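The values are calculated or read from the model by the stated rules, or taken from the named source; none is laboratory data. Quantities reported herein were computed from a predicted structural model and do not represent experimental measurements. Cβ sites come from the backbone with ideal geometry, for glycine too, and all protein chains shown count toward neighbours. The protein model used for the area step is the full one, side chains on, heavy atoms only, and it has no ligands, DNA or RNA in it. Shrake-Rupley method; radii C 1.70, N 1.55, O 1.52, S 1.80 Å.
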Amino acid sequence: MTNPHLHSGVIISPRPIFRYGVKELLALAGVQVWREETTAESGLATVRRLAPRLLVLDMKTPEREGEREHYLDARWIRKYQSGAAATAILCLTDVDRYGLAAFEYGAMAYLKKDCSLQEFHDAVFAALRGERYLGQAATSALIKRACSDGSAALPNSPFEGLPASLKPVLNDIISGFTPGEIAAKRHLSPGTVSRQRKQIREAMGVRTDVDLLRRAVEHGYHELG
């Protein structure tokens, strides 16, 4: 009999070893994998049929049986989200090509495949809570890519007007640190970090850390002193 306290999950990846590793990590996080699929097409059918609580999607997956592995169009994320609106989608990738499109198309969490075990678990728990999560390596890649495209900090950057006391926490958020990591790093209480994050979002006129990251990319954000 299935443990009612476990969350249900589906993994989509063409690589058996990858699926095995993810399955083991999900088990530690309290997620029972119902199905493993090897193509985007078969995975979509499974997600629509089972409506799992969590979908872990390897973005380098063939669309259908018989095809070679290739990087999926980000619009596949929307197909999964539309097929089962209650399913939280965690995307794993080894390239920087998806950027914020993953969130725009419905992903709840986005990680590079070389993320730490702690990051993976943080992303799973955040997704299951309905909170968006962007891994540290993915965050750094987004900002680096934006700057390499010729973006420069704008003269009237909205970040420049932040109080000096909030700038270190802002830098940590943009760098992908979790609230708990920020608290430990800055020797602050969780309540103080939560309050400062709220103040930063209000100052920037955004509602979430993902929106904050979007503004950072748009304005060619550079770390504030």
Label corresponding to Rg and Dmax of the Cα atoms in Å when calculated from the structure given, among (i) 16.7, 49; (ii) 18.3, 61; (iii) 20.2, 61: (ii)
Per principal axis, descending, Cα span of segment 43-112 in whole Å: 30, 28, 16
Whole-Hz couplings from phi, Karplus 6.51/-1.76/1.60, listed for segment 120-128; x for Gly and Pro: 4, 5, 4, 5, 4, 5, 5, 4, 5
Per residue accessible area in Å² of the chain, where ligands, DNA and RNA are left out and the probe is 1.4 Å: 50
J(HN,Hα) series, segment 186-196, from Karplus relation 6.51 cos²θ - 1.76 cosθ + 1.60, nearest Hz, glycine and proline x: 9, 6, 10, 6, x, x, 5, 4, 4, 5, 5
The chain, relative contact order in percent, only Cα pairs under 8 angstrom and at least six apart counted: 14
Bridge type composition, the chain - antiparallel percent by DSSP, nearest 5: 5
Pairs from K60/K167; K144/K185; K113/K144 whose Cα-Cα separation, in the structure shown, is over 28 Å: K60/K167
Heavy-atom accessible surface of the chain: percent carbon and sulfur, 1.4 Å: 51
Expected 222 nm ellipticity per residue - DSSP helices of 4 or more, -39500 (n - 2.57), all of the chain, to 500: -13500 deg cm²/dmol
The chain, dipole about Cα centre (Lys/Arg Cβ +1, Asp/Glu Cβ -1), debye to the nearest 20: 460
GluC sites (Glu not before Pro) lying in DSSP loop within segment 24-60, provided at most 16 other Cβ fall within 10 Å: none
Highest-first arrangement of 106-117, 159-170, where packing means the average Cβ count within 10 Å: 106-117, 159-170
Simple Cβ-charge dipole of segment 65-121, Lys/Arg +1 and Asp/Glu -1, about Cα centre, in debye nearest 20: 180
